[in-house]
1. Considering only segment 143-179, how many residues are small (Gly, Ala, Ser) and either assigned by TED's automatic domain parsing to the domain that holds Gly64 or outside any helix (DSSP H, G or I) (or both)?
2. Please work out which residue is farthest from Lys59 (Cα to Cα), limiting yourself to segment 172-215 and to residues that are among the aliphatic types (A, V, I, L, M) and without any contact (Cβ under 8 Å) to a residue 40 or more places away in the chain.
3. Give me a count of the residues in segment 216-236 that are of a type outside the set (D, E, K, R) and within 19 Å of the chain's Cα centre (by Cα).
4. Assess whether Ala200 counts as being among the hydrophobic types (A, V, I, L, M, F, W, C), at negative phi and surrounded by fewer than 17 Cβ atoms within 10 Å (Cβ to Cβ).
5. Could you look through segment 239-264, keep only residues that are closer than 26 Å to Val216 by Cα and at pLDDT 95 or above, and pick out the one that is surrounded by the fewest Cβ atoms within 10 Å (Cβ to Cβ)?
6. Name the residue, out of Glu283, Glu275, that is assigned by TED's automatic domain parsing to the domain that holds Leu37 and outside any helix (DSSP H, G or I).
7. Looking at segment 216-228, can you tell me whether even one residue there is touching a Ser or Thr at 6+ places or on another chain (Cβ under 8 Å) and assigned to a helix (DSSP H, G or I)?
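The values are calculated or read from the model by the stated rules, or taken from the named source; none is laboratory data. All of these numbers come straight from a predicted model, not from anything done at the bench. Cβ coordinates were reconstructed from backbone atoms using ideal geometry, including for glycine residues, and neighbour counts include every protein chain displayed.
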Amino acid sequence: MRLVLLVIAAALALPAAAQEGAVHLVLGFPAGASSDLLSRIVGEHMRATLGRPVIVENKPGAGGQIANEVVKAAAADGSTVLLTPVATMAIYPHSFGSRLRYDPFTDFAPVAHLSNFQLGLGVNAGVPAQTLAEYVALVKKDPKYGFYASAAPGSIPHFFGVMFGRAAGIELTHVGYKGTAPAIQALAGGEISAISTVAADILTLIKSGKARLLAVAGEKRSGAFPDVPTFRESGYDLVALPWYAMFAPARTPRAQIDKLSAAAIAAVRDPAVRERLEQMGLEPTGLGPAELARILKADYEKWGPPIRASGFKPE
């Protein structure tokens, strides 16, 4: 009996963080993408701050929807958090409607806005266009160059390609792949001429000379691609600023949300982490739950009209 009491007393004496166990950081995309690297860099820093293991769990599938469903169903105790891009929260409700098995506003609690990232339009190295203007002229002359890839139908890169085609007055035909890697492989192999994607995800192809980035969709040039103009600089008033953020299951206690938020914000504001993220083409932010909730609502309202105008219907 005395031994049992000693064990209980020792357990009670442990730091609260040690009793809480690991944090499971769930990501809806495979290893190797910019979102995966972001999750591992931020997760490692959070581990040190929280004094708890942070385990990254890749749950790819359905453009990130599977991970969202996993976190929606997880215990609301601070042990599970979702890292996701804006698309799963502000785009999919419009593009998939009632087929979506979660509600971004009622099934999740905002934790932290981590970073913005740049979309870009890239082309295979064999495409005879060095600039966005040359690409537009090329597509007008030969429509076969107007086929462009994205990681998934119904994604932001898909709809951004639609917006650009309309702004440029050219016929662009979307080809959706099952993930970023297959889309990039198709571009590298010349299977398709162009890609609308997270600019950072084709950094390796650009460095190897297999692809060119013609423009980025931010308000300013990307630190990772300082020589690549924005769409605005290229004559098209198009800005899309997607983001990565963290969410917890709804009804997670406020105290847990605050701990997770503080740790995540501290991570992306750390100078060493910021430098690594900027080298990847990400733009660290570090905003709290209230700011994330405001940004989510604004983007949800922003993307509804162009998605409806595109006539997109999920398969």
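1. Residues that pass the stated criteria total 9.
2. Here the answer is Leu172.
3. So the answer is 7.
4. No: the conditions fail for Ala200.
5. Trp243
6. Values: Glu275 fails: outside any helix (DSSP H, G or I).
Result: Glu283 is the single residue among Glu283, Glu275 that is assigned by TED's automatic domain parsing to the domain that holds Leu37 and outside any helix (DSSP H, G or I).
7. No, because not a single residue in segment 216-228 is touching a Ser or Thr at 6+ places or on another chain (Cβ under 8 Å) and assigned to a helix (DSSP H, G or I).
For every residue, the table says whether it meets (1) in contact with a helix residue (DSSP H, G or I) (Cβ under 7 Å, 6 or more places away or on another chain); (2) closer than 30 Å to Ile206 by Cα; (3) aliphatic (A, V, I, L, M).
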site	(1), (2), (3)
Gly78	yes, no, no
Ala87	yes, yes, yes
His113	yes, yes, no
Gly126	no, yes, no
